[in-house]
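Student: One structure coming up, written as structure tokens, with questions to follow.
The values are calculated or read from the model by the stated rules, or taken from the named source; none is laboratory data. No experiment lies behind these values; they were computed from the predicted model shown. Heads up, the Cβs are rebuilt from the backbone with ideal geometry, glycines too, and the neighbour counts pull from every protein chain shown. Only protein heavy atoms, including side chains, enter the accessible area calculation; ligands, DNA and RNA are left aside. Shrake-Rupley method; radii C 1.70, N 1.55, O 1.52, S 1.80 Å.
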Amino acid sequence: MSQSKFGNIPGCTKPVSRLIQGTTMARNESAYPLFDAALENGINTFDTAQVYGNEGVLGGWIAARNNHDKVNILTKGAHHNADGRRVTPKDIDTDVEGSLQKLGVEHIDIYILHRDDPSVPVGPIVEVLNKHQKAGNIGAFGGSNWTHTRIKEANEYAAANGLVPFAISNPNFSVVDMVEEPWSECVSIAGTQGREAREWYAAQKDLVLFTWSTLAGGFLSGRVTRENKDSDEWNSGLVKRCYFSDDNFTRLDRVREIGAKKGLSVPQVALAYVLSQPGNIHTLIAPVTPDEIAQNVAALDVTLTADEIAYLELR
């Protein structure tokens, strides 16, 4: 069974592709052909962030192609830095205005807070996001690496005060579990510990999940095997540090087993696992070639059964 290739998100006027093209690799105009290939393959939503330092590259491509009417810009702000935790109305104001300028647009389709600070009350955060939405600066908005309980709190505040709620939550989710978080204050809904959050999200009618690191930083790229796991290739970077565990290698074995039966690659099964979950799920991907884009898009034609999902989860 094929899965829907697009979804509708409250606050966003255009359909949003269920696969969202990441742009962390984009440093200059050499990324334009990759963005073209993503759009040609039906991916119309592109993810960047204030801290990536490349919003201008995505904005330059949109200006060069004159295609903002066909493309959703997703950018993120309010990331912690050396000056502080930066999840305040003042910092959100600064980052929204800065992103608009760097992107060279008047409207950001999807705006996500990159981090949370639970010591800051949700009320002023919800209010400032509503202010920017009402002004036309942003469309749909949400939080990345926010717990589901904080998202719930924010949306209860919005409901009680006649405000627009968060439409999006952007946690980590993958068929494998994090052994160690890749960056500080990551929020994951994977594994047994994430089941409560997944069940809560699945019950939310108007709240969409944008999951990140579905391929576990490359652990599920198809290049990692039991045979090469001790190779020096994995000694640097986050793959070994964050994902090497006995249980994860068992999950990887089972991903390969299901892939062999269905004629799918490791990344395709990993993507299908996330996209086959209950609820409204989109996922961020980071293919770096047109062929990888096409392979990822093909995963939308696959739906895993409940038994296959349980098998991958070692249940």
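Student: Could you list the GluC sites (Glu not before Pro) in region 224-285 that lie in coil according to DSSP, counting only those with at most 12 other Cβ atoms within 10 Å of their Cβ?
Tutor: E227
Student: Using a probe of 1.4 angstrom, how much of the accessible area of region 220-262 is carbon and sulfur, in percent?
Tutor: The value for region 220-262 is 43 percent carbon and sulfur by accessible area.
Student: Using the 2.2 N^0.38 Å rule of thumb for compact globular proteins, work out how the chain stacks up: its C-alpha Rg over that value, please.
Tutor: Dividing the Cα radius of gyration by 2.2 N^0.38 Å gives 0.97.
Student: Please give the per residue accessible area of the chain, computed with a probe of 1.4 Å over protein heavy atoms only, in Å².
Tutor: 43
Student: Moving on to the next point. Per residue and in Å³, how big is the convex hull formed by the alpha-carbon atoms of region 1-91?
Tutor: It comes to 136 Å³ per residue, whole-number rounded.
Student: Hand me the trypsin sites (Lys or Arg not before Pro) from region 215-275 located in a DSSP loop with no more than 15 other Cβ atoms within 10 Å, in residue order please.
Tutor: Passing sites in region 215-275 are R223, R226, K229.
Student: Then there's this: Take the alpha-carbon centre of region 256-315, take the same for region 35-56, and report the distance between them in whole Å.
Tutor: Between the Cα centre of region 256-315 and that of region 35-56, the gap is 21 Å.
Student: Probe radius 1.4 Å, ligands and nucleic acids ignored: give me the carbon and sulfur share of the accessible area of region 73-146 as a rounded percent.
Tutor: Carbon plus sulfur share of accessible area: 52 percent.
Student: Separate question: May I ask you to evaluate 6.51 cos²θ - 1.76 cosθ + 1.60, the Karplus curve with θ = phi - 60°, for each residue of region 276-283 and list the ³J(HN,Hα) values in order in whole Hz, giving x for glycine and proline?
Tutor: After applying 6.51 cos²θ - 1.76 cosθ + 1.60, I find 8, 6, x, x, 9, 10, 10, 9 Hz.
Student: Moving to a separate point now. What is the Å³ per residue value for the convex hull set by the Cα atoms of region 95-147?
Tutor: 76
Student: Radius of gyration and Dmax for region 231-308's Cα atoms, expressed in Å?
Tutor: Looking at region 231-308, its Cα Rg and Dmax stand at 13.8, 39 Å.
Student: Write out the GluC sites (Glu not before Pro) in region 30-120 meeting two conditions: DSSP loop, and at most 13 other Cβ atoms within 10 Å of their Cβ.
Tutor: E106
Student: Along the three principal axes, how long is region 62-182 when you take its alpha carbons, biggest first, rounded to the nearest angstrom?
Tutor: Reported extents, whole Å, longest axis first: 41, 38, 30.
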